[in-house]
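The block underneath contains the structure these notes are about, expressed in structure tokens.
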Amino acid sequence: MRCVRIWFSKKGRVKYVSHLDIMRCMTRAVRRADIPLWYTEGFNPHPYLNFLQPMPLGIEGLNEPLDIRIEGDISNADIVTRLNGVLPEGIEITRASEPYMKPSDIAFAEYEIYFENENGLAEKLDGAMKSGELVCEKTGKVNGRKKIKQVNVSESIKKYALSENDESILMTVTFPCGNTKNVNPMNLMSALNSYLGADIVPLNIIRLRLTDENLLPFE
Amino acid sequence: MNREVEKILNLVQKPARYTGGELNEIIKDKNSVEIRYAFCFPDTYEIGMSNLGVKILYSVINSREDSWCERVFAPDNDMEELMRERKIPLFALESGDYIKDFDAIGFSLSYELSYTNMVNMLDLAGLPVLSEDRTELTPIIMAGGACACNPEPVADFVDFFQLGEGEEMMNDVLELLKECKKNGSTKREFLEKAAKIQGIYVPSLYDVDYNSDGTIKSVTPKNGAPAKITKRLVSDLDNVHYPDKFIVPFIDIVHDRAVAEIFRGCIRGCRFCQACFLNRPIREKSPEVINSDCKKICESSGYDEISLCSLSTSDYSHLGDLLSQLLEWTTDDKINIALPSLRVDNFPEELIEKLNEVRRSGLTFAPEAGTQRLRDVINKNVTEKEVIETSEKAFAGGWTAVKLYFMIGLPTETTEDIEGIAALAQQVVDTFYRNPDKPKGKGVNVSVSASSFVPKPFTPFQWEPQDTPELLKEKQEHLRESVKTKKVSLHFHDIRVSFLEGILARGDRKLGEVILKAWQKGCKFDSWDEHFKFDLWLDTFKECGIDPAFYTSRKRDFNEILPWDHLDYGIRREFLKNENKKAHEGITTPHCREKCSACGAAKLNGGNCDAMRKNMVL
């Protein structure tokens, strides 16, 4: 048995497929691809698939890691080709590698958010991002009970940049992403909209990559 | 994807219901096809995508080079609200194009409570909901499915119905539509020609006259339409089109697995069961073909479960052979085989063992009635002894949960029969504790589901009154009081829903107005308890001057012309009448393999019925 870290991208309409559903889709894909999988040894044997970092609904991803366990002889290149032959449109395996880092090394995620360039929107967004007062509501659990809490998003902005051309505005932003702290662009959007009193729907949101503590790519 | 649609996707629950893009969906070049077909299922994505008919016909239409069939489901309330607010008409999943611009729209009507959803979807599409208000040839609106056997309540909305099995009929319809489009024919010309295709019923070509008491006086065909419309059926299941690829949904749907159909029709003749009579005669598929269907579907989908589909799985004559063939490869591939619709009287032990090699699924039995007397009335030829013996085997095989299905409100039912349900469930519980090898530390759970009986067209009970909601309520209470143990959990159907189902199932054209008005008041998703608005329905009946009791609690005379009497499903009316009389005398009818009871269905299949394995006397 060996562990392989496969990397996939999720683009176009599959971004509306939830994390749980992507998991099921991948499980079926490895079955269709006839990859010699290692099965758990319980009453209900199932293949081992570990998605390291869930994806929020509505976001494209370019470098998403997934660990699988293989039993038998197959090269990483073969895994990539076979899987790509059976995946639905929008999901593509970009490469397969050894797992170099531990899943717990994931600390941040880099996102690109695209907006339609309307008059003055870039200034407004920039102002809001620099205000230090972006707050969103998040449902979290306190002592096992569901509770809505106010989260300051501004404090979590690790890196931020804004650029624009005639058609669109591009915001690049890095948020904590991992087991302990997690802020995603959907939280940012609801914070921005409530700060600006607006109803902005971005053109697209892309997760570029996951990184470690030092903002080096997670491998 | 349409940007307007994309803007709202982040605001709704489960947006993947509306995006398409699943594995094995079919995309074609819209400029290179002649017919664009929107296949509509009037319920949510999760339900519609589970429907085998949808999968089959999607594949049948798309196997034609000249046609592109796309899927459409009823948007949930949150999505509908946003679509209406932003004026986005109903679109098809594959292309995202608006279905009002398609050539044909087909609805699959599996249950009566989806009628308002169909009307709502037509309106959401931006089309007039009434057939007479749509004057152009395209989009032509058709409907099929089990409800087509009495389509009169929705005759005002749909241009024509497909009676029976659609695989071959659909091709005839598409050919005609193609020709009529080319010739610039009018809608009327198309419909008059369509009425000549076997299985096609064009309601606007029939005038219905009523007696003063509200019953039907006559149904008169016009413009050359046939007096009797005979259902279509497929003779040879081995050679009819069956999908080798299933669309694999991203989101969790109700039945998310490979499905192989093993035979059509049912030999049992339970007198309440519409599916049995609508789908006769028996036609079996050979185990080799089924095995190869299963293989292809599993390979192309990655499913790890196969469900063998029929009305009564253990009546399939080659079941053992089929399972051996399947188990040859499914065990290695870790694929589970599910056998729904097993009967208690021929549930073979070795079957349980074979299936145990893979994973264990649930066990459900349907004794349907609590006492032998009532089971004889409904011709459910299952004895208490058989139920207990089968439970014994199942418990010995390691099962600890059993589901039992019953109906209440059956003809001739008494309180004794209700108490019998509780007693039978109790006996199953006792059987578990009698088992010396029962698993340690585990209790038993017997789940009793009691639905309310709704008399349906083309069954021996089509003339019977339905119990009033008040009486059903009493019976439910009585059953609840009769159950003395916590090992038995009781589940009931909403009585009000069954009441509405009963009205619509045996309704006539007068109900068209009621459905239209109820929908206008906001009725839709009637089969969903949380969306069902019973009060609005009652208001509407009152407003239209229609007494629901006329359709539900009235015993029909054998001589009365029933709203579906001009439709022919092969079953002789005389046979149904006889079965009805025998029911009231408590006399059972042997199943078709024991003795052919000459129901008449085989005449639609050149006299062939696989129950007898030889030509029968017509």
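Annotations
- Evaluated at q = 0.12, 0.15 Å⁻¹, a Debye calculation over the C-alpha positions of the stretch B:3-211 (equal weights, vacuum) places log10 I(q)/I(0) at -0.58, -0.93.
- Hz values of 3J(HN,Hα) by residue in the stretch B:165-170 - Karplus curve (6.51, -1.76, 1.60), Gly and Pro given as x: 8, x, 3, 8, 4, 4
- Shown in residue order for the stretch A:208-218 are the 3J(HN,Hα) couplings computed by the Karplus curve 6.51 cos²θ - 1.76 cosθ + 1.60 at θ = phi - 60°: 6, 6, 9, 9, 8, 3, 9, 6, 8, x, 6 Hz (x for Gly and Pro).
- For residue B:561, residues with placed amide H under 5 Å, excluding near neighbours: B:216
- Residue B:305 long-range amide H proximity, modeled H, under 5 Å: B:258, B:336
- Cβ-Cβ FRET estimate between residue A:214 and residue A:180, R0 fixed at 22 Å, reported to 0.05: 0.85
- Measuring nothing but how far apart in sequence close Cα pairs (under 8 Å, 6+ apart) lie, relative to its length, chain B scores a relative contact order of 14 percent.
- J(HN,Hα) series, the stretch B:261-267, from Karplus relation 6.51 cos²θ - 1.76 cosθ + 1.60, nearest Hz, glycine and proline x: 7, 9, 6, 10, x, 8, 7
- For residue A:38, the residues 5 or more places off, or on other chains, whose built amide H falls under 5 Å of its own are A:48, A:69, A:70, A:71.
- The modelled label-to-label distance between residue B:529 and residue A:116, using points 7 Å beyond Cα along the C-beta direction, is 4.3 nm.
- Within chain B, longest stretch free of exposed GluC sites (Glu not before Pro) [DSSP loop, at most 11 other beta carbons within 10 Å]: B:137-356
- Descending Cα extents along the principal axes, the stretch A:2-100, whole Å: 35, 31, 26
- Whole-angstrom gap from the stretch B:538-560 to the stretch A:132-153, using each part's C-alpha centre: 55
- Extension gain for residue B:542-residue B:481 works out to 18.5 nm (0.36 nm per residue, less the C-alpha to C-alpha distance).
- Neighbouring partner chain Cβ atoms per residue of A:8-17, average, 10 Å criterion: 5
- Relative contact order [Cα under 8 Å, 6+ residues apart], chain A, whole percent: 25
- The lysines whose alpha-carbon is closer than 22 Å to the alpha-carbon of residue B:603, local same-chain residues fewer than 8 away aside, are B:196, B:228, B:231, B:285, B:577, B:595, B:614.
- Projected onto its three principal axes, the C-alpha set of chain B covers 74, 63, 55 Å, listed from the longest axis down.
- Pairwise centroid distance, computed over Cα atoms, of the stretch B:33-81 with the stretch A:1-50, Å: 28
- Between residue B:468 and residue B:385, the FRET efficiency from the beta-carbon distance, with R0 = 56 Å, is close to 0.95.
- Taking the DSSP beta bridges with both ends in the protein assembly as shown, the antiparallel portion is around 55 percent.
- Cβ-Cβ distance of residue B:587 and residue A:97, R₀ of 56 Å, FRET efficiency by 1/(1 + (r/R0)^6): the value works out to about 0.15.
- The protein assembly as shown - charge dipole about Cα centre, Lys and Arg +1 at Cβ, Asp and Glu -1, debye rounded to 20: 1320
- The value given for the protein assembly as shown is a Kirkwood hydrodynamic radius of 29.7 Å, derived from the mean inverse Cα-Cα separation.
- Take each residue in A:83-95, count the other chain C-beta atoms within 10 Å of its C-beta, and the mean is 2.
- Beta bridge orientation in chain B: antiparallel %, DSSP, nearest 5: 20
- Under the simplified labelling scheme, the residue B:435-residue B:292 pair shows an inter-label distance of 4.0 nm, with each label point 7 Å from Cα along Cα→Cβ.
- Computed over every Cα-Cα pair of the stretch A:104-211 and binned at 10 Å starting from 0, the pair-distance distribution P(r) comes out as 14, 46, 31, 8, 1 percent.
- Placing pseudo-labels 7 Å out from each Cα toward the beta carbon at residue B:239 and residue A:145 gives an inter-label distance of 7.0 nm.
- Averaged over B:245-252, number of beta-carbon atoms from partner chains that fall within 10 Å: 4
- 20 Å Cα-Cα reach of residue B:182 towards aspartates and glutamates, excluding residues that sit fewer than 8 places from it in its own chain: B:29, B:34, B:65, B:66, B:101, B:103, B:136, B:159, B:172, B:192
- Beyond 23 Å in Cα-Cα separation lie the following of the pairs A:11/B:14; B:295/B:393; B:473/B:555; A:138/B:14: B:295/B:393.
- Once the Cα gyration tensor of the stretch B:503-618 is diagonalised, semi-axes √(5λ) in Å: 38, 17, 14
- Cut-off 13 Å (backbone N to label point 7 Å along Cα→Cβ of residue A:48), residues of the stretch A:1-36: A:1-5
Computed from the coordinates by the stated procedures, all read-outs in this text should not be read as laboratory data. If you're wondering where the values come from, they're calculated on a predicted model, not measured in any experiment. All Cβ positions, even for glycine, are placed from backbone atoms using ideal geometry, and neighbour counts span all protein chains on display.
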